[in-house]
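Below: the structure, in structure tokens.
The values are calculated or read from the model by the stated rules, or taken from the named source; none is laboratory data. Keep in mind that what you see is a predicted model, and the values were worked out from it rather than measured. Because the Cβ atoms are built from the backbone with ideal geometry, glycine has one as well, and the counts that use them run over all protein chains shown. With ligands, DNA and RNA removed, areas are computed over all heavy atoms of the protein, side chains included. Shrake-Rupley method; radii C 1.70, N 1.55, O 1.52, S 1.80 Å.
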Amino acid sequence: MPLPFECPLCLATQQFQSVVTGHVYGDNSNSRAFFHCNKCDVYYQFPRLTLEDEARFYAAEFEEFMVGRSGASGGWQRADEHLVANESTRKRRMKYLAPFLGNNIDILEIGCSSGFMLYPLMGAGHHCTGVEPSGIFSEFVRSHGICIYQSLEELQTKVPQSKFDLIMHFFVLEHIATPVAFLRTQLELLRPGGCIIFEIPNVADPLNSVYDIPAFERFYWSVAHSWYFSEQSLLFLLAQIGGEYHVIRDQRYDLSNHMIWARDGRPGGLGRFTSKLGNEVEESYKQSLIRSGLCDTLIGVIRKK
Ligand SMILES: [Zn+2]
């Protein structure tokens with residue numbers, strides 16, 4: 001297996017790099033691994049996906065999403081289902097987004113999918129713009145009256161004067177080969193005092209760092225991800241962007257989900273035992289993971305001075 005020459009984030013030399021796992025979910029070529037940099041604490045895929053690999057991967061992923069649709073309106077029906085399925089996710093995010101919302105601000109979401117985060121924000125008087133590469137989703141979002149672009153580049157070319165008060169993205173950054181450039185571009189699109197807020201997986205997820213479940217290890221490290229961040233490596237990344245920054249911790253999955261992973265070695269347990277355990281147990285489990293830092297989600301916040 002080839003070894004990385006240096007850390008792709010902090011450029012620490014090879015002696016600081018070590019293999020974490022050769023199990024890369026979705027890597028049919030069996031030629032990749034995830035490495036850890038002992039200096040900045042980031043985890044990264046090496047060798048990296050080529051742009052061609054990436055294009056092939058996302059085309060296949062989208063096709064998978066479309067499987068099961070029926071009839072010509074199937075895509076839109078799926079987008080409607082996506083809205084409903086993500087309502088609890090939207091509410092979870094609104095808890096930490098709320099303090100960053102003023103009156104009638106300009107919001108950009110990168111990777112807005114069906115637009116489920118944006119419609120209630122638009123309803124509350126904010127001006128919303130989306131970036132979404134997938135055709136079905138972007139048509140769906142446009143039909144709801146939201147300006148949408150295929151990429152940040154397209155937005156910058158078509159509306160070069162665009163400025164925003166809030167730029168957000170959820171589970172996008174870990175897919176991006178050049179996260180420093182990605183975030184710096186967004187900083188340029190902010191008005192002074194504006195914020196970038198984004199969610200990524202936390203590598204300290206207890207399914208990964210505490211319970212040592214072999215099936216989870218084979219599932220977790222995905223070929224679609226260039227990076228996995230810890231709080232330490234996320235803070236290192238944020239320090240490169242320019243702006244004030246901090247990290248918020250969150251926990252998406254519940255005790256039921258973790259129990260099903262431990263028992264059956266598979267996902268899908270969310271809420272399974274909640275009626276027996278009670279909401280109080282689920283909530284206190286989540287809160288104690290957040291307190292200890294062994295939680296599954298990190299939220300990066302950057303404020304432009
Ligand atoms: Zn490093």
What are the pairs, 6+ residues apart or on separate chains, where a residue within region 132-156 that is closer than 13 Å to G115 by Cα has its Cβ under 6 Å from a residue that is open to solvent by 70 Å² or more (accessible area, probe 1.4 Å) and modelled with pLDDT of 90 or more? P133/Q150; I148/R142
Could you please find all residues in region 157-170 being under 22 Å from Y58 (Cβ atoms) and touching a strand residue (DSSP E or B) at 6+ places or on another chain (Cβ under 6 Å)? I167, M168, H169, F170
Mind checking which residues of region 73-131 are touching a residue at least 40 places away in the same chain (Cβ under 8 Å), within 18 Å of S151 (Cα to Cα), open to solvent by less than 20 Å² (accessible area, probe 1.4 Å) and more than 16 Å from the chain's Cα centre (by Cα)? I107
Being assigned to a strand (DSSP E or B), open to solvent by less than 70 Å² (accessible area, probe 1.4 Å), within 29 Å of Q45 (Cα to Cα) and in contact (Cβ under 8 Å) with a residue 60 or more places away in the chain: is that true of E217 here? no
Condition (residue is assigned to a strand (DSSP E or B), modelled with pLDDT of 95 or more, of a type in the set (A, V, I, L, M) and more than 27 Å from L289 (Cα to Cα)) applied to region 188-197: is it met by at least one residue? yes
Residues being crowded, with 16+ Cβ neighbours inside 10 Å and in a loop (DSSP other than H, G, I, E, B): count how many of those fall in region 24-36. 3
Within region 1-20, how many residues are in contact (Cβ under 8 Å) with a residue 24 or more places away in the chain, exposed (fewer than 15 other Cβ atoms within 10 Å of the Cβ) and not hydrophobic (A, V, I, L, M, F, W, C)? 1
Residue list for region 2-36, restricted to those being away from the ligand (no atom under 13 Å from the Cβ) and under 19 Å from T178 (Cα atoms): R32, A33, F34
List every residue pair whose Cβ atoms sit under 7 Å apart, with the two residues 6 or more apart in sequence or on different chains, where the first one lies in region 183-195 and is under 10 Å from I167 (Cβ atoms) and the second, anywhere, is among the small types (G, A, S) and not in a strand (DSSP E or B). L187/G242; L187/G243; L189/S162
In region 37-49, which residue that is near the ligand (Cβ under 9 Å from one of its atoms) and part of a strand (DSSP E or B) is nearest to A177 (Cα to Cα)? Y44
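To keep it simple, each residue is scored yes or no on (1) open to solvent by 60 Å² or more (accessible area, probe 1.4 Å); (2) within 16 Å of the ligand (Cβ to nearest atom); (3) among the small types (G, A, S).
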{"residue": "F229", "(1), (2), (3)": "no, yes, no"}
{"residue": "L238", "(1), (2), (3)": "no, yes, no"}
{"residue": "H246", "(1), (2), (3)": "yes, no, no"}
{"residue": "D250", "(1), (2), (3)": "no, no, no"}
{"residue": "W261", "(1), (2), (3)": "no, no, no"}
Would you pick out the residues in region 138-162 that are within 23 Å of the chain's Cα centre (by Cα), open to solvent by 20 Å² or more (accessible area, probe 1.4 Å) and not hydroxyl-bearing (S, T, Y)? E139, R142, C147, Q150, E153, E154, Q156
Just name the residue that is nearest to the chain's Cα centre (by Cα) out of those in region 279-296 that are among the charged types (D, E, K, R) and either at pLDDT below 95 or open to solvent by less than 70 Å² (accessible area, probe 1.4 Å) (or both). D296
